[in-house]
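Undergrad: There's a structure below that I have some questions on.
The values are calculated or read from the model by the stated rules, or taken from the named source; none is laboratory data. Keep in mind that what you see is a predicted model, and the values were worked out from it rather than measured. Note that each Cβ is placed from the backbone with ideal geometry, even for glycine, and that neighbours are counted across all protein chains shown. We work out accessible area using only protein heavy atoms, side chains counted, and drop any ligands, DNA or RNA first. Shrake-Rupley method; radii C 1.70, N 1.55, O 1.52, S 1.80 Å.
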Amino acid sequence: EQRWSLKGMTALVTGGTRGIGFAIVEELAGFGARVYTCSRNEKELNERIKEWEGKGFSVSGSVCDLSSQDDREKLIGSVTSAFDGKLNILVNNAATVTLRKFVDYTPEDYSLIMNTNLHSPFHLCQLAHPLLKASGNGNIVFISSVAGLVALPILSVYSASKGAINQLTRNLACEWAKDNIRTNTVAPGGIRTSVGQNQPADPDVEEAYRDMFSRVPISRIGEPHEVSSLVAFLCLPTASYINGQVICVDGGLTAKG
Ligand code: NDP
């Protein structure tokens, strides 16, 4: 076993067509893993898979709406056939954001956010457990957010979903260590992606976020590859004693009082 290689390993990364997920697919494939990914947009997914093929990466995928239980079951079925019933790495990356003041959240907003960001990763872990166990060397990485650790403006329900992921990390790390499955979470700060681009512009909110970013010790937004590098590291054999941790990639945001 090589300490700094993922050669021979298999990975499922949810939401790999854009942003942080895209960078994670490339990072894991670059370390030699065979990767499976999914998103809701078939055209974009096929374009990405072609692009990865051109770069010499081994990536396959299928369309899946992770908020649907049926789709999740189909996804794990496809991964089971693609990788002969063994999965080394599950990266729960895909999530949805709705910016609202606390009193303005509708029951529909609440269900969509909790379903996509918490129930879906939870259920994927249940479905993938036999595959991760069968691999003999399993790794789960959740992507949560600094919003699961500190209060950011108009993100309460999203933050609750991410805070719950942070705690799932610790429980799974203890329950599944005996199956040789490690569980860790990467909590990004502000990263340059397409997230939230469909949200209406609100000058008050923009100012609140500008103010927040101006106080980040490394005073710039982060890039997706600055998150994917930690995800890959956590999955490497060299990280074999790291389990149950929530690690921020936030330029020092959460370190500052
Ligand atoms: P993007 O919106 O840029 O990308 C999200 C990816 O997930 C896309 O590939 C999208 O494809 C897919 N996706 C979203 N919803 C679903 C769904 N229901 N079913 C299947 N695929 C889905 O997001 P980011 O890269 O910014 O975010 C990735 C992770 O990082 C998330 O967990 C987010 O909460 C977290 N994060 C991001 C931060 C940031 O500043 N960007 C900060 C902190 C955390 P499609 O829409 O076609 O389905």
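Undergrad: Would you pick out the residues in the stretch 213-229 that are more than 12 Å from the ligand (Cβ to nearest atom) and assigned to a helix (DSSP H, G or I)?
TA: Ser214, Ser229
Undergrad: If you don't mind, another one. Read through the list (1) open to solvent by less than 30 Å² (accessible area, probe 1.4 Å); (2) among the β-branched types (Val, Ile, Thr); (3) within 12 Å of the ligand (Cβ to nearest atom), then give the number of the only condition that Val205 fails.
TA: (3)
Undergrad: So Ile221 passes all but one of these: (1) within 20 Å of the chain's Cα centre (by Cα); (2) under 26 Å from Phe83 (Cβ atoms). Which condition number does it fail?
TA: Just one mismatch for Ile221, condition (2).
Undergrad: Test Ser111 against the criterion of being closer than 24 Å to Val186 by Cα and either touching a residue at least 24 places away in the same chain (Cβ under 8 Å) or surrounded by fewer than 17 Cβ atoms within 10 Å (Cβ to Cβ) (or both), and give yes or no.
TA: Yes, satisfied.
Undergrad: Same structure, new question: So Arg210 fits all but one of (1) part of a helix (DSSP H, G or I); (2) modelled with pLDDT of 95 or more; what number is the exception?
TA: Against the list (1) part of a helix (DSSP H, G or I); (2) modelled with pLDDT of 95 or more, Arg210 comes up short only on (2).
Undergrad: Okay, moving on. Does Leu132 count as more than 26 Å from Asp250 (Cβ to Cβ) and in contact (Cβ under 8 Å) with a residue 40 or more places away in the chain?
TA: yes
Undergrad: Here's another thing I want to ask about it. Could you tell me whether Pro153 is open to solvent by 40 Å² or more (accessible area, probe 1.4 Å), outside any helix (DSSP H, G or I) and more than 10 Å from the ligand (Cβ to nearest atom)?
TA: Spelling it out, Pro153 is indeed open to solvent by 40 Å² or more (accessible area, probe 1.4 Å), outside any helix (DSSP H, G or I) and more than 10 Å from the ligand (Cβ to nearest atom).
Undergrad: Does Thr193 fit the bill of being open to solvent by 30 Å² or more (accessible area, probe 1.4 Å) and within 12 Å of the ligand (Cβ to nearest atom)?
TA: It is true that Thr193 is open to solvent by 30 Å² or more (accessible area, probe 1.4 Å) and within 12 Å of the ligand (Cβ to nearest atom).
Undergrad: Tell me the residue from Lys162, Lys178, Lys133 that is touching a strand residue (DSSP E or B) at 6+ places or on another chain (Cβ under 9 Å) and either open to solvent by 40 Å² or more (accessible area, probe 1.4 Å) or in a loop (DSSP other than H, G, I, E, B) (or both), please.
TA: Exactly one residue qualifies, and that residue is Lys133.
Undergrad: Among (1) closer than 28 Å to Asn171 by Cβ; (2) surrounded by fewer than 17 Cβ atoms within 10 Å (Cβ to Cβ); (3) free of Cβ contacts under 8 Å to residues at least 60 places away in the same chain, where does Ser219 come up short?
TA: (1)
Undergrad: Could I ask something else about it? Scan the stretch 38-53 and report the pairs whose first residue is free of Cβ contacts under 8 Å to residues at least 12 places away in the same chain and whose second residue is within 6 Å of the ligand (Cβ to nearest atom), with Cβ atoms within less than 6 Å and a gap of 6+ or a chain change.
TA: Listed by first residue and then by second, the contacts come to nothing, as the list is empty.
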